[in-house]
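Visitor: Here's a structure for you.
The values are calculated or read from the model by the stated rules, or taken from the named source; none is laboratory data. Given the structure is predicted, the values throughout are model-derived calculations rather than measurements. Glycine gets a Cβ as well: all are built from the backbone with ideal geometry, and neighbour counts include every protein chain shown. Calculation scope for accessible area: heavy atoms of the full protein, side chains included, ligands and nucleic acids excluded. Shrake-Rupley method; radii C 1.70, N 1.55, O 1.52, S 1.80 Å.
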There are 2 protein chains.
Amino acid sequence: MKLLYHPDREEIHLSSVLYALSDPVRLLIVSELSRIGESACGDIGLPVVKSTVTHHTRTLREAGIIRTRAQGTQRFLSIRRDDLEYRFPGLLTSILEAFDSSEEAAKLREAARNEE
Amino acid sequence: MKLLYHPDREEIHLSSVLYALSDPVRLLIVSELSRIGESACGDIGLPVVKSTVTHHTRTLREAGIIRTRAQGTQRFLSIRRDDLEYRFPGLLTSILEAFDSSEEAAKLREAARNEE
DNA sequence: TCTATTGTTCGATAGTAATCAAACTTTAGA
DNA sequence: TCTAAAGTTTGATTACTATCGAACAATAGA
């Protein structure tokens with residue numbers, strides 16, 4: 001397996017983080033990780049196919065938002081809370097609160113349920 | 001002159017806001033507006049040509065982040081603080097604090113000075 | 001060893017976007 | 001009425017991206 005690149009704490013850039021979080025599917029991924037904690041890709045209900053999930057998780061990982069840990073055939077994802085809080089205090093919290101109370105989140109979660 | 005579209009408070013969406021703020025030049029525009037208050041486009045020192053500024057200010061306006069007021073040949077820009085705070089409490093503050101203390105901001109401000 | 005599971009890679013498609021230069025519009029003021 | 005100033009529009013370029021399906025790789029377990 002390829003080595004999974006994770007940027008150093010100091011190499012996490014605001015514009016990349018905001019870009020990564022500007023996609024609804026990626027917001028849903030992060031919101032779910034925040035809600036249920038570390039999870040395998042496949043355990044997160046998402047309204048897109050596997051290869052698209054890979055694309056999004058790579059975007060989030062390379063932006064420094066999530067950490068990917070390989071175990072067997074699975075990839076476990078978790079939020080890099082400490083690093084994000086260190087770099088951008090309060091940012092993730094306000095974004096997730098806004099997302100979780102949005103219509104957009106509700107619609108996506110429903111789309112994900114219908115895909116199952 | 002065309003009518004300038006501004007989304008209603010309730011039509012401001014998180015992903016559009018994050019997308020609009022994921023561009024360094026647009027972050028600089030918002031940061032400058034926050035620092036010096038309402039300003040004409042041309043009074044904000046930016047490292048890009050006029051037509052590109054128009055593009056970026058339209059993106060910010062259509063995302064609901066800034067308001068554009070026409071007066072004479074000028075367009076005065078200001079941040080929609082109340083609407084943003086209502087929709088996404090704490091978000092803009094944490095983004096601007098992160099940006100203002102970043103290397104990225106320093107570099108852009110220097111590039112803008114050299115363009116003058 | 002064979003197979004099912006989990007996720008990645010690759011190729012294609014269709015859409016979007018950041019940038020610039022050049023031409024244009026609108027307005028203020030001489 | 002002319003002209004200069006401030007932005008906008010348009011067209012071109014270049015680059016990226018969200019998505020899917022199909023083929024692939026790696027691993028756990030029977």
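Visitor: How big is the A-B contact in terms of buried accessible area, both chains counted, 1.4 Å probe, rounded to the nearest 100 Å²?
Guide: 1400 Å²
Visitor: Same structure, new question: Which of the residue pairs B:K2/B:K107; A:K2/A:K107; A:K2/B:K107; B:K2/B:K50 have a Cα-Cα distance greater than 25 Å in the structure shown?
Guide: From the list (B:K2/B:K107; A:K2/A:K107; A:K2/B:K107; B:K2/B:K50), the Cα-Cα distance tops 25 Å for B:K2/B:K107; A:K2/A:K107; A:K2/B:K107.
Visitor: Taking only C-alpha pairs under 8 Å that are 6+ residues apart, what is the relative contact order of chain B in percent?
Guide: Numbers: 128 pairs, mean separation 40.2, N = 116.
Rounded, it is 35 percent for chain B.
Visitor: With θ set to phi - 60° and the Karplus curve 6.51 cos²θ - 1.76 cosθ + 1.60, what are the ³J(HN,Hα) couplings of region B:61-70 in order, to the nearest whole Hz, using x for Gly and Pro?
Guide: 5, 5, 7, x, 8, 10, 10, 10, 10, 8
Visitor: Turning to a different aspect of this structure: Compute the accessible area per residue over region A:9-115, keeping the other protein chains in place, probe 1.4 Å, unit Å².
Guide: Values: 5250 Å² over 107 residues.
Ligands and nucleic acids excluded, the figure is 49 Å² per residue.
Visitor: Can I ask one more? Assigning unit charges at the beta carbon (Lys, Arg +1; Asp, Glu -1) and nothing else, what dipole magnitude in debye, to the nearest 20, does the protein assembly as shown show about its Cα centre?
Guide: The dipole magnitude comes to about 440 debye.
Visitor: Quick one: which bits of region A:1-38 get at least 40 Å² less accessible when the partner protein chains are in, versus the chain alone, with a 1.4 Å probe?
Guide: A:L14, A:S15, A:L18, A:S22
Visitor: With a 1.4 Å probe and every protein chain kept in, tell me what percent of the accessible surface of region B:9-115 is carbon plus sulfur.
Guide: About 46 percent, which is the carbon plus sulfur part of the accessible surface.
Visitor: Just checking the output field for A:95-107: average partner chain Cβ neighbours within 10 Å of each residue's Cβ?
Guide: Values: counts 8, 1, 4, 9, 4, 0, 3, 5, 2, 4, 1, 0, 0.
For peptide A:95-107, the averaged partner shielding equals 3.
Visitor: Still on this structure, I have one more. As a check on your grasp of the helix formula, calculate [θ] at 222 nm for chain B: sum -39500 (n - 2.57) over DSSP H runs of n ≥ 4, divide by the residue count, round to the nearest 500.
Guide: Dividing the helical sum by the residues of chain B leaves -16500 deg cm²/dmol.
Visitor: If we hang a label 7 Å off Cα along the beta carbon direction at B:N114, how far is it from the matching labels on the other copies, in nm, shortest first?
Guide: Taking the point 7 Å beyond Cα along Cα→Cβ, the inter-copy spacings are 5.2 nm.
Visitor: Sorting check: for A:13-26, B:61-74, which peptide has the highest mean count of neighbouring beta carbons within 10 Å, and how do the rest follow?
Guide: Highest mean packing first, the order is A:13-26, B:61-74.
Visitor: Figure the gain on full extension for B:R69 and B:D100 (residue separation times 0.36 nm, minus the Cα-Cα span) and round it to one decimal in nm.
Guide: So the extension gain works out to 8.6 nm.
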